There are 2 protein chains.
Amino acid sequence: MDISKNHPRYASLVSRKKIVDAFESGMLAKAGLIAHGRGETFDYLFCEKTHDFAIDAIRAAASALLLAKNPVISVNGNVTALVCDEVVALSKEVPATIEINLFYWTREREDAIRLAFCGIDPKVKLLGNGTKPKIKGTCSNRAKANSKGIPNADVVLIPLEDGDRANALVNAGKKTITVDLNPFSRTAIASDITIVDNIVRAFPLLVREVARLKETPSLIPDALVKFDNKANLRKAANYLKNRPYSFEEELICIR
Amino acid sequence: MDISKNHPRYASLVSRKKIVDAFESGMLAKAGLIAHGRGETFDYLFCEKTHDFAIDAIRAAASALLLAKNPVISVNGNVTALVCDEVVALSKEVPATIEINLFYWTREREDAIRLAFCGIDPKVKLLGNGTKPKIKGTCSNRAKANSKGIPNADVVLIPLEDGDRANALVNAGKKTITVDLNPFSRTAIASDITIVDNIVRAFPLLVREVARLKETPSLIPDALVKFDNKANLRKAANYLKNRPYSFEEELICIR
């Protein structure tokens, strides 16, 4: 599959290819392919652009990560497929622990994720998916976590995460940051900071914002005080309401 | 995967399971899983309901199929996974020819589709995917068709179809009917009649409508004369614009 750089939806097709390749490498559940498709439609409706509400959430997320005592970045197959390198960069910049945490865990899947990270940085440290339930308020596979990771974290970054798990983490007293293109999802609503954006665009911006705030830490308290997640989600919802839905404008926006 | 009938999104989860099962049976390309996810988001935004604009398009589609001399129903893996039985019922009710037509053709995929249809009706006749380019105006795999099927058809029903192929069929002078949850897709815009609805809800209604119009054929001309696809697509787009985007209403609509 060769994708022309001139294709108007080049970035979307590159991401789709990364997801398909990740599936072939054994990193992804079939549900991960379907979930990627759901995100494609939301991104299409957001005109495949990072909006102001996402920028504000990225600033708050960077601030929360820098103020954390034990920040943990939770990664699954989709996150690894799309932003493996930025996860490594972010974990160094903050610094933060990376934990592989999979709803549909298999040894093969965890190993494929490890291999992808190893290709970015052979020295990167990854906590494995825990085998025992460690998160209260949820059951089954969702409760599993590494005892060195999420259970001890005060701030957790859980991009592209399941709604039940996000709720359980919030109930366990974690400050929860997510990246989710659906502003109405239970994950988006439950989290403390929701970045409504394509993870492929949001993660590089998040890494840069952490670096910038480290240079000027005086900006951090203000970024957090000013941020209201519910109000921010409402802005994302309003974008969907007020975007062009006429066919002429649509063609300009999307193709 | 057991799905409780009480789950508020039971129907969506059943379809997802059918798509995953179809993938496991070899019927679907990976791109088909991602495409299903895109449809899930649109259906979610349409509140997982069949709206008036879909009913009007179904009426026009039933009329066009009944007036056709050589109607052909083109099926791919996603269509087979979701509405195999209704495709058989529709092909008998009209009657219409069924052609397997796959963008990512493999022998295994065509055989898996045949097996699924055979499970519904062992006597069902399916034209296979042609191996030679028969549709002008497009190239590569998209141009392939069975010489006994689409090339001789006057009306083609091409649910969940690729945009380039839909355009080529329109340019080849076929009256083109599609089912597509994205009212802005090139397939939706190029087709003569676009049913913007979940195929799982639309196909049983289409079968019933064909049966009803056969009883009262005097209704047919009116259904076609009154139907304006562009205006109908605009109604679907307006639904997306005017639907509730507040979180309280959203919860009522979707969960």
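The values are calculated or read from the model by the stated rules, or taken from the named source; none is laboratory data. Keep in mind it's a predicted model, so treat the numbers as computed, not measured. Note that each Cβ is placed from the backbone with ideal geometry, even for glycine, and that neighbours are counted across all protein chains shown.
Quick notes on this structure:
- Breaking point among (1) of a type in the set (A, V, I, L, M, F, W, C); (2) modelled with pLDDT under 90; (3) more than 16 Å from the chain's Cα centre (by Cα), for A:Ile150: (3)
- Segment B:69-97: number of residues that are buried (at least 23 other Cβ atoms within 10 Å of the Cβ) and not in a helix (DSSP H, G or I): 5
- Taking the numbered list (1) within 30 Å of B:Arg9 (Cα to Cα); (2) of a type outside the set (Phe, Trp, Tyr); (3) surrounded by fewer than 21 Cβ atoms within 10 Å (Cβ to Cβ) in turn, B:Thr106 passes all entries but (1).
Every residue, every condition in (1) among the aromatic types (Phe, Trp, Tyr); (2) at pLDDT below 90, yes or no:
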{"site": "A:Arg208", "(1), (2)": "no, no"}
{"site": "A:Glu215", "(1), (2)": "no, no"}
{"site": "A:Phe227", "(1), (2)": "yes, no"}
{"site": "A:Ala237", "(1), (2)": "no, no"}
{"site": "A:Asn242", "(1), (2)": "no, yes"}
{"site": "A:Glu249", "(1), (2)": "no, yes"}
{"site": "A:Ile252", "(1), (2)": "no, yes"}
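- Those residues of segment B:169-186 which are farther than 21 Å from B:Leu206 by Cα, away from chain A (no Cβ under 14 Å) and of a type in the set (S, T, N, Q), in sequence order: B:Asn171
- Those residues of segment A:1-17 which are more than 10 Å from chain B (Cβ to nearest Cβ), closer than 27 Å to A:Phe184 by Cβ and of a type in the set (Lys, Arg), in sequence order: A:Arg9
- Filter result for A:Val72 (more than 14 Å from every other protein chain (Cβ to nearest Cβ) and more than 18 Å from A:Ile120 (Cα to Cα)): yes
- Residue match in segment B:45-58 (condition: at pLDDT below 95 and in a helix (DSSP H, G or I)): yes
- Of the set (1) under 16 Å from the mean Cα position of the chain (by Cα); (2) in a helix (DSSP H, G or I), all apply to A:Glu108 but (1).
- Filter result for B:Glu209 (away from every other protein chain (no Cβ under 12 Å), in contact with a helix residue (DSSP H, G or I) (Cβ under 8 Å, 6 or more places away or on another chain) and under 23 Å from B:Ala29 (Cβ atoms)): no
- Scan of segment B:116-142 for residues that are among the hydrophobic types (A, V, I, L, M, F, W, C) and either closer than 17 Å to B:Lys92 by Cα or at pLDDT 95 or above (or both), ordered by number: B:Ala116, B:Phe117, B:Cys118, B:Ile120, B:Val124, B:Leu126, B:Leu127
- Segment B:18-31, residues that are at the interface with chain A (Cβ under 9 Å from one of its Cβ atoms) and either surrounded by 21 or more Cβ atoms within 10 Å (Cβ to Cβ) or among the hydroxyl-bearing types (Ser, Thr, Tyr) (or both): B:Ile19, B:Phe23
- Filter result for the condition that a residue is buried (at least 20 other Cβ atoms within 10 Å of the Cβ), β-branched (Val, Ile, Thr) and within 10 Å of chain B (Cβ to nearest Cβ), over A:Ile189, A:Ile150: A:Ile189
- So A:Ile199, is it surrounded by 21 or more Cβ atoms within 10 Å (Cβ to Cβ), modelled with pLDDT of 95 or more, in contact with a strand residue (DSSP E or B) (Cβ under 8 Å, 6 or more places away or on another chain) and within 13 Å of A:Ser63 (Cα to Cα): no
- Some residue of segment B:240-251 being hydrophobic (A, V, I, L, M, F, W, C) and touching a strand residue (DSSP E or B) at 6+ places or on another chain (Cβ under 6 Å): no
- The set of residues in segment A:169-219 being of a type outside the set (D, E, K, R) and in a loop (DSSP other than H, G, I, E, B) consists of A:Ala172, A:Gly173, A:Leu181, A:Asn182, A:Pro183, A:Phe184, A:Ser185, A:Ser191, A:Val196, A:Asn198, A:Thr216.
- Selection within segment B:32-58 - among the polar types (S, T, N, Q) and at the interface with chain A (Cβ under 7 Å from one of its Cβ atoms): B:Thr41
- Qualifying residue in segment B:216-223 (condition: among the charged types (D, E, K, R) and more than 14 Å from B:Arg59 (Cα to Cα)): no
- Exclusive hit being free of Cβ contacts under 8 Å to residues at least 60 places away in the same chain, within 12 Å of chain B (Cβ to nearest Cβ), among the small types (Gly, Ala, Ser) and not in a loop (DSSP other than H, G, I, E, B), set A:Ala237, A:Ala166: A:Ala237
- Evaluation of B:Ile195 against (1) of a type outside the set (S, T, N, Q); (2) touching a Phe, Trp or Tyr at 6+ places or on another chain (Cβ under 7 Å); (3) away from chain A (no Cβ under 12 Å) (one fails), failing number: (2)
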